[in-house]
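Below is a structure I'd like to ask you about.
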Amino acid sequence: MTRTQGDAVPPETSFSLDHFIGLYEAKDDPWDNVTKWSDQRKYAVAMASLPRERYRRCYEPGCAVGVLSVMLAARCDEVLAVDCVDEAVVQARAATAGLPHVRVERALLPADLPDGTFDLVVVGDLLYYLSAGDLALMLDGTIARLETGGDLVSAHFRDRENPGGYDGFNVHAAMAARPDLERVIHHEDEWFVLDVFRKTA
């Protein structure tokens, strides 16, 4: 399908914390991350796309129930995974309980960006919930914490049923427009778009 960068706009305000809490109140795993094949495949593509065999310190915002966090732990010396919903944090901590180098914390983004720097950031199905202002803050803050030469892996859903909607196409276009990021890997199919960006300066 043909898309242009300006064919959709971000939400006027970022999705509320209550919205996400409600999803977890209705269902333990709101997006079926544990069982859905499309997510299992997306995680496999994300892991296969990591350019380095090993990373020192990984940041995973929007970790949900921690499925990808467990996979990242096998490739990273340290993982900081965060989510804004208490129930998600509880489940992600349970999933990573046997992995002492994984820390799961509650954080509302972009307000609660972490301290320190990272050589890997992995963000999935999160950025299109943010308003334009919060998306800019999130990208600014994330890139500031990404070490020069570090990798930013982003994977987001493509809304094939509503092709004019604000989705992975649009947030990835915003990332690709950043002068301090160089795209080194690109994957796109009918379900999701995945990019690996490297911080150049």
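For Asp180, Asp77, what's the fewest-to-most ordering of other Cβ within 10 Å of each Cβ? Provide the component values of the computation, followed by the final result.
Details: Asp180 15, Asp77 12.
Listed from fewest to most nearby Cβ atoms, that is Asp77, Asp180.
Most exposed first by the Cβ proxy, i.e. fewest other Cβ within 10 Å, how do Glu105, Glu161 rank?
Details: Glu105 14, Glu161 6.
Neighbour counts put them in this order, fewest first: Glu161, Glu105.
Among residues other than Asn33 whose Cβ falls under 14 Å from its Cβ, what is the net charge (Lys/Arg +1, Asp/Glu -1)?
On the way: positive: Lys27, Lys36, Arg41, Lys42; negative: Asp28, Asp29, Asp32, Asp39, Glu60, Asp83, Glu87, Asp125.
Overall, the nearby charge balance is -4.
Further, regarding this structure: Amide H of Leu120 versus every other amide H placed in the peptide plane: which residues, excluding those fewer than 5 positions away on the same chain, fall under 5 Å?
Answer set, sorted by chain and number: Arg57, Tyr59, Asp151.
Sticking with this structure for a sec: Would you tally the net charge around Gly22, using a Cβ to Cβ cut-off of less than 14 Å, leaving Gly22 out, and scoring K and R as +1, D and E as -1?
Working: positive: Lys27; negative: Asp18, Glu25, Asp28, Asp86, Glu87.
Here the count lands on -4.
Moving to a separate point now. Which ³J(HN,Hα) values in Hz, rounded to whole numbers, follow from the phi angles of the stretch 87-93 under the Karplus curve 6.51 cos²θ - 1.76 cosθ + 1.60, where θ = phi - 60° and Gly and Pro get x?
Working through the residues one at a time gives 5, 5, 4, 4, 5, 5, 5 Hz.
Related question: Regarding the chain, what are the three Cα extents along the principal axes, ordered largest first, in Å?
45, 42, 32
Relative contact order of the chain: what whole-number percent is it, with Cα pairs under 8 angstrom and at least 6 residues apart? Intermediate results must be reported in sequence, preceding the final value.
Working: 359 pairs, mean separation 42.4, N = 201.
Once divided by the residue count of the chain, the mean separation gives 21 percent.
So, counting K/R as plus one and D/E as minus one, what does the shell of residues with Cβ under 13 Å around Ala132 add up to? Working shown, then result.
Working: positive: none; negative: Glu12, Asp134, Asp140.
Once all neighbours under 13 Å are counted, the net charge is -3.
Sticking with this structure for a sec: Can you compute the charge dipole magnitude of the chain about its Cα centre, using +1 on each Lys and Arg Cβ and -1 on each Asp and Glu Cβ, nothing else charged? Give it in debye, rounded to the nearest 20.
Result for the chain is approximately 660 debye, rounded to the nearest 20.
Hey, fewest Cβ within 10 Å first, where do Val196, Val70 land in order? Mind showing how you got there, number by number?
Working: Val196 22, Val70 17.
Least to most surrounded, the residues fall as Val70, Val196.
What is the set of long-range amide H partners of Arg183 at a cut-off below 5 Å, with H atoms built 1.01 Å from backbone N?
When sequence neighbours closer than 5 places are left aside, the close amide H contacts are Arg198.
Let me ask something else about it. Compare the Cα positions of Tyr166, Thr13, Ala177 along the charge dipole of the chain (+1 at Cβ of Lys, Arg; -1 at Cβ of Asp, Glu; about the Cα centre) and return the one farthest towards the positive end.
It is Ala177.
Among all cysteines in the chain, which have no other cysteine Cβ under 4.7 Å from their own Cβ?
Unpaired cysteines in the chain: Cys63, Cys84.
No lab work stands behind these numbers, since they all come straight from the coordinates. On a predicted model such as this, the values are computed, not experimentally measured, just so you know. Ideal geometry is used to build each Cβ from the backbone, glycine not excepted, and the neighbour counts take in all protein chains shown.
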